[in-house]
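Written below as structure tokens is the structure these notes are about.
The values are calculated or read from the model by the stated rules, or taken from the named source; none is laboratory data. In this text the structure is predicted, and so the values were computed from the model without any measurement. Cβ coordinates were reconstructed from backbone atoms using ideal geometry, including for glycine residues, and neighbour counts include every protein chain displayed. The area values use the complete protein model at the heavy-atom level, side chains included, leaving out ligands, DNA and RNA. Shrake-Rupley method; radii C 1.70, N 1.55, O 1.52, S 1.80 Å.
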Amino acid sequence: VQLQAFGGGLVQTGGSLRLSCVASGRTSSNFGTAWFRQAPGKEREFVSAIRWSGGNTVYADSVKGRFTISRDRADNTMYLQMNSLKPEDTAVYYCAAKYNGILSEMRRSYAYWGQGTEVTVSS
């Protein structure tokens, strides 16, 4: 499977962005997909994950109540709606996928990664 993330950009504090991740190739109704992010000088961290079968979700504490993950199985696309953005949300955001639907916050659980899309939140 190939993943392509897009939708990043520059936004002011309090603003919103919606990221998209399109999956192509050998997709699966039982995908588990996730968003991670990596800020300059920091390790890549978990943001949110969704189970394509059932739509179960999990979020990092830092984004709960502000970000919403979703998927459109017909279009093989995952989304991350980001509201009330803060400067500390500035990072490159990566989408990731695996061929089982078990929700996971662990980077090593995901075998497939997109190229990343950059989000900058100005103060």
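With respect to (1) under 16 Å from residue 5 (Cβ atoms); (2) polar (S, T, N, Q); (3) under 10 Å from the mean Cα position of the chain (by Cα), the lone exception for residue 68 is condition (1).
Which members of region 31-62 meet the condition of being farther than 15 Å from residue 94 by Cα and part of a loop (DSSP other than H, G, I, E, B)? Those that are farther than 15 Å from residue 94 by Cα and part of a loop (DSSP other than H, G, I, E, B): 31, 41, 52, 53, 54, 55, 56, 61, 62. If you filter region 1-52 down to residues that are closer than 19 Å to residue 110 by Cα and of a type in the set (D, E, K, R), you find that the one that is nearest to the chain's Cα centre (by Cα) is 37.
Screening region 85-95 for residues that are more than 21 Å from residue 52 (Cβ to Cβ), open to solvent by less than 60 Å² (accessible area, probe 1.4 Å) and not aliphatic (A, V, I, L, M) and picking the one that is farthest from the chain's Cα centre (by Cα) gives 87. Tallying residues that are outside any strand (DSSP E or B) and either open to solvent by less than 20 Å² (accessible area, probe 1.4 Å) or of a type in the set (A, V, I, L, M, F, W, C) (or both) within region 96-121 yields 9.
Considering region 31-60, and only residues there that are surrounded by fewer than 16 Cβ atoms within 10 Å (Cβ to Cβ) and of a type in the set (D, E, K, R), the residue that is nearest to residue 73 (Cα to Cα) turns out to be 45. When 20, 28 are screened for being surrounded by 12 or more Cβ atoms within 10 Å (Cβ to Cβ), part of a loop (DSSP other than H, G, I, E, B) and in contact (Cβ under 8 Å) with a residue 40 or more places away in the chain, only 28 passes. Scanning region 63-83 for residues that are open to solvent by 60 Å² or more (accessible area, probe 1.4 Å) and not in a strand (DSSP E or B) yields 64, 65, 73, 74, 75.
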